[in-house]
Amino acid sequence: MKKNSSLIAGLTIVGVLIIIAFFAKFISPYNPYEQNLTSRLKPPSYKNFFGTDELGRDVFSRMIYASRVSLSVGFISVGIATFIGTILGLISGYYGKFIDDFIMRLVDIMLCFPTFFLIILVIAFLKPSIYNIMIVIGITSWPGLTRYVRAEVLRIKSLEYVLSAKLAGLSSFRILFVHILPNILAPVIVSFSLGISSAILTESGLSFLGLGIQPPEPSWGNILSSGKDYIHIAWWLSLFPGIAIFITVVSFNLLAEGLRIFFNPKEKI
């Protein structure tokens, strides 16, 4: 692991982000919802590290609380997508025939629509909230993983140990979840890490467009959205949330790359 710089860097940054989100109440110097119109649009200073917004709220405090939103959406929505994609991929690859055809045609239909626009379409009919965003991102992000898991199952189910398990009279459930699933967990975990960065970008994009987390609840996307109206006089409202999104996405991509190398003993570091 000492030679795996991507894994170390990714784990370090993600670990720091999780600690910040978990202890936001203690790290935040101000109440992120408290308004002070006499201090609106103040530039960064020792009193307000990231300046203040158009309502005089401390941007640094709002950024810290917004990390909770981004990480929650990332982990939970990708968890939903990973669960659905893994189960459908296992069933499709193992049973084949008409079950495989039905699931693969469903995947093809889902992949015909750009994921982001499909999410926007669904969100437009729902009340914007963090829970709806988690669910919608989760139920629209599973097709790619399903195809990958199916391909791995098709490869593994013809190996000797699976054939031996069938000859021993083990149930399909036991073969799937005891003998096959543990051998495809590595790529699933890597896909999970990559999916989090995509989910965070999607949530930020929805919040920027006004379809995601609604003010006064802070999120990096809606802080960035409010900053676009003041970009010429309050550059910090656009700069700092943009940097936070960039660092978070890069850290999860580094983590995924490091995990890919870690789980593949043939990979050179």
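For the stretch 32-73, filtered to residues that are surrounded by fewer than 18 Cβ atoms within 10 Å (Cβ to Cβ) and among the hydrophobic types (A, V, I, L, M, F, W, C), the residue that is nearest to Tyr230 (Cα to Cα) is Leu41.
Among the numbered conditions (1) charged (D, E, K, R); (2) within 22 Å of Ile135 (Cβ to Cβ); (3) part of a helix (DSSP H, G or I), the only one that Lys228 does not meet is (2).
Restricting the stretch 131-149 to residues that are of a type in the set (Phe, Trp, Tyr) and surrounded by fewer than 24 Cβ atoms within 10 Å (Cβ to Cβ), the residue that is farthest from Phe192 (Cα to Cα) is Tyr131. On the basis of being without any contact (Cβ under 8 Å) to a residue 60 or more places away in the chain and of a type outside the set (Val, Ile, Thr), does Gly85 make the cut? Criteria not met by Gly85. Counting the residues of the stretch 65-90 that are touching a Lys or Arg at 6+ places or on another chain (Cβ under 9 Å) and among the aliphatic types (A, V, I, L, M) gives 2. Filtering the stretch 154-166 down to residues that are in a loop (DSSP other than H, G, I, E, B) and without any contact (Cβ under 8 Å) to a residue 12 or more places away in the chain, which residue is surrounded by the most Cβ atoms within 10 Å (Cβ to Cβ)? The qualifying residue surrounded by the most Cβ atoms within 10 Å (Cβ to Cβ) is Leu159.
Counting residues in the stretch 231-240 that are free of Cβ contacts under 8 Å to residues at least 60 places away in the same chain and part of a helix (DSSP H, G or I) gives one or more. Of the helices (runs of 4 or more DSSP H) lying entirely inside the stretch 35-153, those carrying at least 3 residues that are closer than 30 Å to Ile243 by Cα and not acidic (Asp, Glu) are 59-95, 115-123, 130-140. Can you spot a residue in the stretch 83-91 that is of a type in the set (Gly, Ala, Ser), in contact with a Ser or Thr (Cβ under 7 Å, 6 or more places away or on another chain) and farther than 19 Å from Leu209 by Cα? The answer is yes; a qualifying residue exists.
Okay, residues lined up against (1) more than 26 Å from Asn183 (Cα to Cα); (2) at pLDDT 90 or above; (3) among the aromatic types (Phe, Trp, Tyr):
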site	(1), (2), (3)
Thr115	yes, no, no
Ile119	yes, no, no
Ile130	yes, no, no
Thr140	no, no, no
Leu145	no, yes, no
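A count restricted to the stretch 173-225 and to residues that are out of contact with any helix residue (DSSP H, G or I) (no Cβ under 7 Å at 6 or more places or on another chain) and not in a loop (DSSP other than H, G, I, E, B) stands at 7. If you go through the stretch 30-51 and pick out every residue that is within 28 Å of the chain's Cα centre (by Cα), under 27 Å from His232 (Cβ atoms) and without any contact (Cβ under 8 Å) to a residue 40 or more places away in the chain, you end up with 2.
The values are calculated or read from the model by the stated rules, or taken from the named source; none is laboratory data. What you see is a predicted model, and the numbers here were worked out from it, not measured in a lab. For neighbour counting, all protein chains shown are included, and Cβ atoms are generated from backbone atoms with ideal geometry for every residue, glycine included.
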